[in-house]
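One structure is given below, encoded as structure tokens.
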Amino acid sequence: TYIVNDACIACKYTDCVEVCPVDCFYEGENMLVIHPDECIDCGVCEPECPAEAILPDTEPDAEKWVEFNRKYAEIWPVIITKVDQLPDAEARDGESGKLEKYFS
Ligand code: SF4
Ligand code: F3S
């Protein structure tokens, strides 16, 4: 599977949803997640994310993000169409510690 990590938080560009062939992105207030059981590992979303928030679960550190993505994918609604990025997306892009600072 692929996962969305904290680089998405407070940016939420949503370019990723446009390309996913199986519509497995789910939308929270300030980030998206991927449902790990629905993702078919095609990889097309990874290069589309301006914040570089999408990675394969083969990356170091990915396991906690797989569980995080699964948890919220089961609570949040599916998103299948691109929407406007969050207002401070460019200012927040690349900032560290976003999970602690902004996740809601
Ligand atoms: Fe969707 Fe493919 Fe990205 Fe998985 S890797 S979330 S199936 S676009
Ligand atoms: Fe987030 Fe990147 Fe998609 S910022 S909403 S994972 S395009």
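Each reported figure results from applying straightforward, stated rules to the coordinates on display, with no laboratory input. Given the structure is predicted, the values throughout are model-derived calculations rather than measurements. Using ideal geometry, Cβ is built from the backbone for each residue, glycine included, and neighbour counts are taken over all protein chains shown.
Among the residues of the stretch 77-98, is there at least one that is without any contact (Cβ under 8 Å) to a residue 60 or more places away in the chain, part of a loop (DSSP other than H, G, I, E, B), surrounded by 13 or more Cβ atoms within 10 Å (Cβ to Cβ) and within 13 Å of ligand 2 (Cβ to nearest atom)? No, because not a single residue in the stretch 77-98 is without any contact (Cβ under 8 Å) to a residue 60 or more places away in the chain, part of a loop (DSSP other than H, G, I, E, B), surrounded by 13 or more Cβ atoms within 10 Å (Cβ to Cβ) and within 13 Å of ligand 2 (Cβ to nearest atom). Of the set (1) acidic (D, E); (2) more than 13 Å from ligand 1 (Cβ to nearest atom); (3) farther than 14 Å from A7 by Cβ; (4) in contact (Cβ under 8 Å) with a residue 24 or more places away in the chain, all apply to E63 but (4).
Among the residues of the stretch 14-56, write down those that are near ligand 1 (Cβ under 9 Å from one of its atoms) and assigned to a helix (DSSP H, G or I). Matches in the stretch 14-56: C16, V17, V19, E46, E48. State the number of residues belonging to the stretch 59-104 that are farther than 19 Å from C16 by Cα and polar (S, T, N, Q). So the count comes out to 2. Quick check on P47: is it out of contact with any Pro (no Cβ under 6 Å at 6 or more places or on another chain), within 13 Å of ligand 2 (Cβ to nearest atom) and without any contact (Cβ under 8 Å) to a residue 24 or more places away in the chain? Yes, satisfied.
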